[in-house]
Amino acid sequence: MSSFRLFRWIASTIVVLGFGLMGVLIADATASAQDGGEPAPVTQRGDCGECHLDVVTAWQESAHAQAFVYSGFQQAWQIQDQDPECLPCHTTGFNPRTGDFQHPGVACEACHGQTPADHPPAPVMVDPGVETCSGCHTTTFTEWEMSEHAAEGIPCTTCHSPHPQQLKGNFETSTELCLDCHQAPPDDYAHTTHPEQACVDCHWYHSDEDVDGIHIASGNLLPTGHDNMVEPPACITCHEQYSDLNVAEITTVDGAEGDEESRIDTLMEARVRVSELEAELETVETQGDNTAALRLAQGLLIGLAIGAVVVIVFGQFGGRSPVSGGKR
C-alpha cells in the first residue's frame, strides 16, 4: 500500500469516527434537554459529617439510620427471601434494576436530594416538604392530608425533628408541644371534663396493637392517628361501658362504614394502590433509562453512516490522485 493510500485510509477512518462521535454528542445533548439535564455529581453521606457533625450525630442512632441494619428488619427480610420491595424505604438510592443501593438506612440524600459536588457554596435543599415523607410513610401521609394541619399547610417538621426522629422542642410532654401553637385550648365540655388526658390520647389515637411488629411481619403500615380526628374507638378505650354499642354504623374513613378494623382495611387498600403507582413509576423510569441508551446507540450508528457516505462521496468526486492517475 502506497503512502498516499495509507494516508487516505487513515483520513477516511478519522472522518467516519468523527461523525460517529458527533452523533453520540448530539443524541446525548438531546436527551439532556428533554430530561432537564443530568443531575449533579453526588457526594457520599460521610462527607456531611465534616461540617454537620451535630446533625449526623443526632441522626446516626435514629430509626432512619437503623432502618436497614435493625435486627428486627433483617430477620423479617431474610424470612421474606430479601424482598426488594422493602429496600426503597429501608435504604437510600435503591436501584430496582440491579438491586444495589447507595447507603443502608435512610441517609441524607434520601430527604435532601443529591448533594452537588461544589457544595458549598452550591446550596442543598434544606426543607424538602411533606412529599418526601409521603414516599415511605404512606398511611400517615394519607391521614395528614385529611387533617386540619394539612388544610393550614402545617408540615411534618413543625412537630417532628427529622434527624433524631423526636418531637421538637424541649417539652416534657406532647401536650406541651400542642399548646405551643394551640395556646387557647377549647373550653367545651369534652375538653374541660378530661383534664388528665393528653391531646394525643384522643386526637392522635391509634390502637394498642404492636404496630412495629405487624409492619415487620407483614409490611403493612397501620394508622397512626395523624388525621387528628376524635373517633369512637378513642372514647371506648376509656369508656368501656359503651363498648357494646354498634360502632359499625359510624362513618370512619371517607364514607366507609365500620369499626377500627374496617378503618385499617380502608387505609391498607389505599397503601396498596400507592405501592402500585410507585411500581408503575419505577417502570417508567427504567424505560426512560433504556430509551436514553438506545438514543445514544442510534446517534452513533447514524453518525458513522453519515461519515461513511461523506468519505464515499468525496472519493467519487475527488478524482484520481496524481500518484495513481498515470499508466502502469
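Taken together, the values in this text are just the output of simple stated rules run on the coordinates, not laboratory data. Bear in mind that the values here come from a model prediction, so they are computed numbers and not experimental data. Quick reminder, even Gly has a Cβ in these numbers, built from the backbone with ideal geometry, and neighbours come from all protein chains shown.
A few comments on the model shown:
- Separation in nanometres of the label points that stand 7 Å from Cα toward Cβ, at Gln298 and Ile26: 1.3
- With a Förster radius of 41 Å applied to the beta-carbon distance between Gln80 and Val230, the computed FRET efficiency rounds to 0.65.
- Rounded, prolate or oblate (a/c below 1.5 giving rounded, otherwise prolate when a/b exceeds b/c) for region 60-123 by Cα gyration tensor: oblate
- Sequentially through region 177-190, phi angles give Karplus couplings (6.51, -1.76, 1.60; θ = phi - 60°) of 5, 4, 6, 5, 9, 8, 6, 10, x, x, 10, 6, 4, 4 Hz, Gly and Pro residues having no value and appearing as x.
- Karplus-derived 3J(HN,Hα), 6.51/-1.76/1.60, for each residue of region 86-95, Hz, glycine and proline x: 7, 6, x, 9, 9, 9, 10, x, 6, 10
- With R₀ fixed at 35 Å, the C-beta to C-beta distance from Ala217 to Asp188 puts the FRET efficiency at about 0.30.
- Highest-first arrangement of 142-150, 233-241, where packing means the average Cβ count within 10 Å: 142-150, 233-241
- Close amide-amide hydrogen proximity is noted between Thr92 and Gln102, His103, Gly105, Ala107, each under 5 Å apart and 5 or more residues distant or on a separate chain (H modeled in the peptide plane; Pro and chain starts excluded).
- Remark on Leu167: its backbone amide H falls under 5 Å from those of Ser161, a criterion applied only to residues 5 or more positions apart or on other chains, H modelled at 1.01 Å from N.
- Taken one residue at a time, the phi angles of region 100-106 give Karplus couplings (6.51, -1.76, 1.60, θ = phi - 60°) of 8, 9, 7, 9, x, x, 8 Hz. Gly and Pro are set to x.
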